[in-house]
1. For region B:208-359, report the % of Cα-Cα distances exceeding 23 Å.
2. Would you pull out the residues with amide H under 5 Å of residue B:45's amide H, same chain only if 5 or more places away, H placed 1.01 Å from N?
3. Which semi-axes, in whole Å and largest first, does the equivalent ellipsoid of region A:42-152 have when worked out from the alpha carbon gyration tensor as the square roots of 5 times its eigenvalues?
4. So how far apart, in nm, are the two label points at residue B:307 and residue B:182 if each is 7 Å from Cα heading toward Cβ?
5. How large is log10 of I(q)/I(0) for the protein assembly as shown at q = 0.12 Å⁻¹ when the intensity is taken from the Debye formula with one equal scatterer per alpha-carbon?
6. Equivalent-ellipsoid semi-axes (√(5λ), Cα gyration tensor) for region B:1-147, whole Å, largest first?
7. With no solvent and one equal point scatterer per Cα, compute the Debye intensity ratio I(q)/I(0) for region A:54-100 at 0.23, 0.28 Å⁻¹ and report its log10, rounded to two decimals.
8. Which residues in region B:83-108 have a backbone N closer than 18 Å to a point placed 7 Å from the Cα of residue B:70 along the Cα-to-Cβ line?
Amino acid sequence: MLEKQKPVGAMIKQFIKCRNKTISETADAMGIKYNTFSAQLINDTLSVDVLFRLAVYLDIDLNWMHMALGYFGTVNPLEKENIPRMQKVFREEQRKFVLKRLDSLIDENPNSTSEVRRELLNEFNMFYLLDTLIPEEYSILRATERGVSKFYVNTYESDISGRNTLGMRSRVVQLVTGINALNIEIEERKDKR
Amino acid sequence: MNILFCNITYLKFYDGRVDGELKPSSGGRWVRENGDAHEKWNFLNYDGDCYGYVQINGEQLHIERYDNVISTQEEKSGMIIVWCAEHPVYGTVIVGWYENATIYRYCQSSISTPVTGIVRDYWFKTKAEDAYLLPEEKRTFNISRASKTGTGTGFGRGNIWYADSGYAKKNIIPNVLSFINENRKNRINTLTDEFKQPDELPMLSKEELSQYESFGEEVNLKTLNYAYREYANSPGPDAAYDVASSLLELCQFSLAIPWYEKVIEMDPSDFNTKGTLVYLYQQCKEYVKSIDLAEDMLNQADCKERDLIDELYCILADDYYFSNDISKAIEWLDRIIKESKNEELIQYTKDTKKKWMLC
């Protein structure tokens, strides 16, 4: 079962901006009239062919792109799915963009981390925010629960097979929920300003 | 006197929350290395208990210093653990304490499964009802540093103080015990009853429903209350699931189990919820139930879902191992070795089998 989380067109517009391109330039590159392309972005009617070509034009890993656009498949009920992180260069660009927005939201809501987080999630999807903001060395995991994707950040993993008292699944994880991970990043950002 | 003073990083809530919590002085908000973060969960109500951690020099707590404890003894109950932390302005103050706590000679690790997500290292354990965390304005009792006030009057260079000097027994401990008696009523940590279904379950108003929806994935006592009320007025598997997953995220595994069972009862096709429940049973040491459910899931699994089947075999092996049925546990390891296509898992299983055969 596929689930879609946020409007595709809005996310594609961000990707275009992060690559320092305009919609007009991108439409040209796709061989589509500007008005048509703009309407497709607004109405979420981009074709598969255009999405593939956009991935090449914007140099975005397709595997990552479908995650960032909110297209998820089913997950093994017992193991959380490890999600590929975006390319470092791309993250740096995306991060600047998201941090700028984060800073504005912090200015508007200086005393409420939860309000900042809610506004961020209204504009971006959870996976995209986590992938952009959280440290590169951590992994993002996804679980599907009652048809809804939930994201987690794994901050620490080690094989502790040296401990006889633990069983087969002695691979240790330290999971932080997506919500808490965003809270951490917001608080850290507040500290740095 | 069965009392131990521990010095930890200064925080407000010590329950792992980020929103509204101070940044630990001993490290960042992310868990980056062992010993960096465990004490920030010292007052987390973890399935009805609190687990306490303090960074020490050395590998054991010398519990033989207490009366009636022999040198080979590994734990002692009936302890008072006094938690202290250095406030940037007021110095080292008592931030809370445990009563009726068990102290362990060696650092323990909590059982952890993929659904629970936190591995807790701890030296002390007590019921949540016996843990007392004070609000900041009540943290008024200073504990000295021996370097300033003299040997036996406070913490030395380490983070623990046995307070067994003549001076401490006469001048400090009685005052600490008075302080404890006066301040029990001021605690702010969450007790287990607060997670249980309330007696009154009025329908959610329009405003409350809208607020509930705006919370999204966020889970706290308020959203839990809303989830209980939503289920009471509109019972169904999704509403039951909201209660179950809220309790799980609030680390109330025993309370969550009956709600997950309710979801499956109402929607037997919900395979993902079964996946959560099979681990929860294991987490709560209900191994027979975990085994039954894992076997049920095996019967339903498509033989092409090799990863899922491997995982279920691992769960079954663990369930039997934790129940001390080693021979049965090894049977399941043998099935993994024979049937799995995952070379890394096969090798790992062979190594585990060697260890378990020594048990």
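Read the figures in this text as sums done on the coordinates, not as results from a lab. Source: prediction; values computed, not measured. Every residue, glycine among them, receives a Cβ derived from its backbone with ideal geometry; neighbour counts consider all protein chains shown.
1. Working: 5337 of 11476 pairs.
It works out to 47 percent of all Cα pairs.
2. Residues meeting the criterion, in which the H sits 1.01 Å from N, are B:190.
3. Values: eigenvalues 111, 78, 44 Å².
Value: 24, 20, 15 Å, ordered largest first.
4. So the label points at residue B:307 and residue B:182 sit 5.9 nm apart.
5. Those come out to -1.29, one per q.
6. On the way: eigenvalues 102, 80, 42 Å².
Taking √(5λ) for each eigenvalue gives 23, 20, 14 Å, largest first.
7. -0.92, -1.12
8. The answer is B:105-106.
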